[in-house]
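Have a look at the structure below before the remarks.
The values are calculated or read from the model by the stated rules, or taken from the named source; none is laboratory data. Here the structure is a predicted model, which is why all the values come from computation and not from measurement. Glycine gets a Cβ as well: all are built from the backbone with ideal geometry, and neighbour counts include every protein chain shown.
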Amino acid sequence: MATFYADIADLRLAAVLAAEIQLLLADRASLWRNPAIAYLGDQSGSGSTVRKIPMAGLSGYDAMAAIAENVAATDTAITDASVNLTVGRQVLQRSISDIANATDSVGLNVAALALDAVGSAEKRFTSMVCTSGAGFTTVAGSTGVAMSVNDWFSAQFALTQASASGPAISCLYPKQWTDLQSSLRAEASNLIAYTPADRSLLDLKGQGFVGTFNSVDVYVSTQVPTANAGADSAGFMAVQNAIGYIEMSVTSIRGGSEVIPVSGTPIFTEIQRSASGALTTLVHNYYCGVSVLQDGMGVAIITDR
Amino acid sequence: MGHDFGTGNTTAATSGFATSTAEALTGAGSTTRLRMPPSPNFLYCHHPERWQIMDGEVLPVLHKLEQSPGVANVSPRNGGDMSGAIGVKVKNGWTIIPHDVIPGGYVRKFEGAFGPIHLTKWETPRQHGLRAYDPKVDTTGYREFLRDLMKRGVLQPPMEHILETLVERAQAAVDRSAPHTATEAGKKIHEAEIAKLHAIEVACGMRQPAPKPKTKRKRTRSTPKKPPEVETDG
């Protein structure tokens with residue numbers, strides 16, 4: 001009698017795992033270490049969680065004034081301002097049991113969980129930047145209306161009219177970006193429609209950096225928050241140094257069984273062991289603070305979500 | 001008999017132990033917890049320069065000041081001390097809108113599968129199986145809330161120069177689209193921009209609303225007239 005697969009259930013498995021893990025679909029776009037977001041230092045050993053960023057109206061803020069040869073000059077007061085940044089703890093904790101770790105055949109183990117630290121920190125940082133960008137005072141776009149080239153120009157012109165200069169970035173919700181792509185597709189202006197670089201903006205690129213439009217680097221992220229009770233998305237366009245961040249390195253951890261610092265970053269993973277529960281817990285820590293530095297240097301773009 | 005699934009003597013009601021209805025289970029597991037990403041509690045705030053046109057009305061654009069330590073000066077103290085963040089906002093001209101500005105507050109908290117989710121009271125979460133969708137938004141209710149904030153004086157109406165800016169921006173959009181009406185698509189965009197400008201001008205009191213198109217009165221069928229009585233020779 002022939003041997004059929006259906007007859008040897010005790011000798012075969014219902015399914016075997018492929019040797020490689022496929023990453024689940026997720027938005028992994030990051031604005032971490034983006035040069036447009038100003039890094040303002042490490043707060044470690046400073047005596048506070050708050051860093052005050054001083055600003056002064058110098059180097060062309062005030063113009064000279066003509067004066068007669070025989071008149072004594074008077075003082076012009078320096079305009080000053082400051083903004084505070086507060087560092088906060090960002091964390092991701094995962095635990096894995098010994099049995100789960102020991103039976104691993106695909107690469108989901110303690111080591112893999114440790115490698116998750118940077119990705120999770122980047123995602124949190126991007127979310128913090130997007131949340132900050134949604135709070136710019138100047139607003140472009142219309143509620144419930146798909147984003148268009150006009151909204152883009154409104155944001156761009158608002159920055160120009162505010163004398164905001166320097167390289168600019170824009171971070172949009174995916175729907176905002178695809179609406180802008182639709183608008184670009186219908187754009188009748190020769191200047192835009194026949195610029196070869198603009199054609200490439202219609203390419204499928206997914207999340208993260210999607211291209212440069214009118215010299216503004218465009219990023220797409222699902223971390224862009226909602227506006228108008230969830231009806232809209234609040235993306236932003238801003239020039240360099242409109243948003244800034246501080247970090248805090250924790251260098252003196254005592255009593256920890258194992259601490260894994262991520263090289264060149266303040267991110268570290270502390271491994272905690274529960275012998276009675278046979279559990280290995282990984283705690284990824286990242287201390288940072290993000291805030292708008294100069295309100296006039298950015299524009300919130302609020303359009304249909 | 002192994003089990004008594006009928007109304008035997010060992011039902012929960014008679015066993016002496018407390019009971020409650022079990023969570024509904026599906027093939028995908030329990031669906032009672034929302035699978036949306038967690039989101040922090042927040043305070044709405046408004047800056048006098050943030051305005052928008054919603055269906056022909058000039059209404060404020062609110063911003064969420066989230067209780068998220070590390071963002072916009074929210075301190076890690078006590079799980080998210082907002083006092084510093086609120087101070088900075090107020091100093092920069094923002095108005096903080098407290099939760100109790102309306103009965104029951106404007107934030108709703110849901111226990112999510114990955115942590116607490118805070119939504120506005122006008123957002124209704126939607127989930128099918130394991131997939132959560134963007135919440136359904138009651139835009140009418142939210143608009144009513146914004147209108148109410150202004151009516152009660154919680155937020156001051158926009159200043160004249162802000163209204164002028166709104167009109168200027170809309171006019172600029174019309175001007176930008178004007179030279180591109182050669183194509184059908186360009187024409188439609190231009191017409192839409194003109195409609196938007198008119199709506200803003202009406203909202204700002206700079207233009208009378210267009211008269212509503214007259215609808216033809218539907219002739220109602222009256223009771224059929226009695227046919228004239230015919231005199232009959234009797």
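Of the residues making up segment A:102-122, those that are in a helix (DSSP H, G or I) and in contact with a Leu (Cβ under 9 Å, 6 or more places away or on another chain) number 8.
Answer yes or no as to whether A:Phe125 is within 14 Å of chain B (Cβ to nearest Cβ), more than 30 Å from B:Pro158 (Cα to Cα) and of a type in the set (A, V, I, L, M, F, W, C). So that I can check it myself, show each step before the final result.
On the way: within 14 Å of chain B (Cβ to nearest Cβ): yes; more than 30 Å from B:Pro158 (Cα to Cα): yes; of a type in the set (A, V, I, L, M, F, W, C): yes.
Considered against the rule, which asks whether it is within 14 Å of chain B (Cβ to nearest Cβ), more than 30 Å from B:Pro158 (Cα to Cα) and of a type in the set (A, V, I, L, M, F, W, C), A:Phe125 comes out as yes.
If you go through segment A:158-177 and pick out every residue that is under 19 Å from the mean Cα position of the chain (by Cα) and of a type in the set (Val, Ile, Thr), you end up with 1. If only residues of segment A:132-190 that are more than 9 Å from every other protein chain (Cβ to nearest Cβ) and of a type in the set (Val, Ile, Thr) are counted, the one that is farthest from B:Glu168 (Cα to Cα) is A:Thr178. The residue that is surrounded by the most Cβ atoms within 10 Å (Cβ to Cβ), among those in segment B:190-214 that are assigned to a loop (DSSP other than H, G, I, E, B) and either in contact with a helix residue (DSSP H, G or I) (Cβ under 8 Å, 6 or more places away or on another chain) or on the phi > 0 side of the Ramachandran plot (or both), is B:Cys204.
Among the residues of segment A:1-43, what is the count of those that are outside any strand (DSSP E or B), of a type outside the set (D, E, K, R) and under 42 Å from the mean Cα position of the chain (by Cα)? Before you say what the answer is, go through the steps one by one.
Step one: list which residues in segment A:1-43 are outside any strand (DSSP E or B), which gives A:1-37, A:43.
Now restrict to residues that are of a type outside the set (D, E, K, R): A:1-6, A:8-9, A:11, A:13-19, A:21-26, A:29-32, A:34-37, A:43.
In the following step, the residues that additionally are under 42 Å from the mean Cα position of the chain (by Cα) were identified as A:15-19, A:21-26, A:29-32, A:34-37, A:43.
Result for segment A:1-43: 20.
Any residue in segment A:203-220 that is of a type in the set (A, V, I, L, M, F, W, C), assigned to a loop (DSSP other than H, G, I, E, B), more than 11 Å from chain B (Cβ to nearest Cβ) and more than 30 Å from A:Ala100 (Cα to Cα)? Yes.
Per the listing A:Val299, A:Val290, the residue uniquely assigned to a strand (DSSP E or B), within 13 Å of chain B (Cβ to nearest Cβ) and closer than 17 Å to A:Thr137 by Cβ is A:Val299. Against the conditions (1) in contact (Cβ under 8 Å) with a residue 12 or more places away in the chain; (2) in a loop (DSSP other than H, G, I, E, B); (3) under 24 Å from the mean Cα position of the chain (by Cα), B:Pro103 satisfies every one except (1).
Given the structure, is B:Ala132 part of a helix (DSSP H, G or I), surrounded by 12 or more Cβ atoms within 10 Å (Cβ to Cβ) and at pLDDT below 95? Spell out the reasoning first.
On the way: part of a helix (DSSP H, G or I): no; surrounded by 12 or more Cβ atoms within 10 Å (Cβ to Cβ): yes; at pLDDT below 95: yes.
Answer is no for this residue.
Looking across segment A:223-266 at every residue that is more than 14 Å from chain B (Cβ to nearest Cβ), surrounded by fewer than 24 Cβ atoms within 10 Å (Cβ to Cβ) and part of a strand (DSSP E or B), the one that is modelled with the highest pLDDT is identified as A:Val239.
Applying the condition of being acidic (Asp, Glu) and exposed (fewer than 13 other Cβ atoms within 10 Å of the Cβ) to segment A:34-79 and asking which residue is nearest to A:Phe236 (Cα to Cα) yields A:Asp62. The set of residues in segment B:100-150 being among the hydroxyl-bearing types (Ser, Thr, Tyr) and farther than 16 Å from B:Ser39 by Cβ consists of B:Thr139, B:Thr140, B:Tyr142.
Scanning segment B:47-78 for residues that are of a type in the set (Asp, Glu) and part of a strand (DSSP E or B), we see that the one that is nearest to the other protein chains (Cβ to nearest Cβ) is B:Glu66.
With A:Leu31, A:Leu58, A:Leu40, A:Leu17 as the choices, which residue is aliphatic (A, V, I, L, M) and without any contact (Cβ under 8 Å) to a residue 40 or more places away in the chain?
Details: A:Leu31 fails: without any contact (Cβ under 8 Å) to a residue 40 or more places away in the chain; A:Leu40 fails: without any contact (Cβ under 8 Å) to a residue 40 or more places away in the chain; A:Leu17 fails: without any contact (Cβ under 8 Å) to a residue 40 or more places away in the chain.
Just one listed residue meets the conditions, A:Leu58.
B:Glu123 fulfils the conditions (1) of a type in the set (Asp, Glu); (2) closer than 30 Å to B:Cys204 by Cβ; (3) more than 9 Å from every other protein chain (Cβ to nearest Cβ) except for a single criterion, (3).
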